[in-house]
Amino acid sequence: MTATSTRPGTVHALAAQPAATRRRRPRLPFSPWHLLLAPLALTFAVPLVWLLLSSVMSNAEINRFPPALWPSGIDLGGYRYVLGNAMFPRWFANSLIVSAVTVAANLVLGSLAGYAFARMRFAGSKVMLGLMLATMAVPFQLTMIPTFLVMKKLGLIDTLGALIVPSLVTPFAVFLLRQFFLSLPRELEEAAWIDGCSRLRVLFRIVLPLSRPALSTVAVLTFLTTWNDLTWPLIAINHDTQYTLQLGLTTFQGQHHTQWAAVMAGNVITVLPVLLAFLGAQKTFIQSITSSGLKG
């Protein structure tokens with residue numbers, strides 16, 4: 001057996017070499033992940049850019065083959081056609097009413113149900129929670145006909161109530177708020193109970209003010225789902241005065257002729273509230289996802 005000896009100076013040199021290498025390594029002014037995320041972000045932004053450019057093209061430019069990648073000039077004919085339509089403000093108001101009522105109902109009812117599942121123990125609570133979560137796996141196509149029959153029995157078909165009632169509270173809102181409530185310390189609620197607060201007062205005075213990130217997330221996601229919904233309004237609404245914005249835009253497309261400039265302009269106007277809602281709640285949205293146990 002041969003013994004190898006290493007000089008102390010060599011050991012110190014080898015130990016110091018990685019540190020020196022790290023010091024000499026150039027540092028990027030941003031995260032290396034941005035090199036991957038920036039091209040992906042640009043890829044996802046291409047449809048939005050194309051939508052915006054197409055909205056200021058004429059119908060002839062949009063229908064031209066090969067399609068024009070850049071407008072030869074700014075043509076606002078599509079916007080004039082959309083905003084000049086007498087029913088467009090009514091459609092916009094209908095969508096706003098349905099979305100606002102649905103968001104408010106999900107915040108109130110989802111908070112009550114989520115807090116009950118998070119803090120109260122009663123017979124069958126786990127079974128009820130499991131059944132509620134199982135409904136999230138059922139596609140809308142299976143519940144479409146029963147929902148229509150229920151709305152017909154209630155006399156809500158062809159009214160905005162048919163769009164609001166089925167979405168007053170969603171399992172996702174209850175589950176997300178429950179997960180967030182579980183992350184809050186119980187000591188705050190116990191101190192309020194000692195002071196004589198009821199459960200409802202604890203919920204509205206202490207728990208909900210601390211749950212603004214989760215509430216913002218529920219509000220944004222519910223707004224996006226309701227605002228962009230087309231399938232259920234197409235089934236439940238027949239009269240054009242009750243159309244939502246998404247359903248009204250389909251009237252610009254005919255069997256033989258389509259006002260593509262108006263369709264693009266209408267979609268730009270439709271997308272703007274969605275983008276503003278998401279950008280306004282982006283930070284709280286991320287904070288809620290990371291603190292509610294839903295991250296991957």
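For the pair M128 and M144 in one chain, pulling the backbone fully straight at 0.36 nm per residue adds 3.5 nm over the alpha carbon distance.
Taking a ≥ b ≥ c as the square roots of the eigenvalues of the Cα gyration tensor, the range 163-205 is classed as oblate, since a/c reaches at least 1.5 and a/b does not exceed b/c. For the range 32-100, a/c is not less than 1.5, where a ≥ b ≥ c are the root eigenvalues of the C-alpha gyration tensor, and a/b does not top b/c. That puts it in the oblate class.
Applying a 10 Å radius around every beta-carbon, put 233-245, 122-134 in order of their mean neighbour count, most first. Walk me through the numbers on the way to the answer.
Working: 233-245: 17.8, 122-134: 11.7.
So the order, starting with the most tightly packed, is 233-245, 122-134.
Since every read-out is calculated from the coordinates, none of them should be taken as a lab result. Computed from a predicted structure; not experimentally measured. Ideal geometry is used to build each Cβ from the backbone, glycine not excepted, and the neighbour counts take in all protein chains shown.
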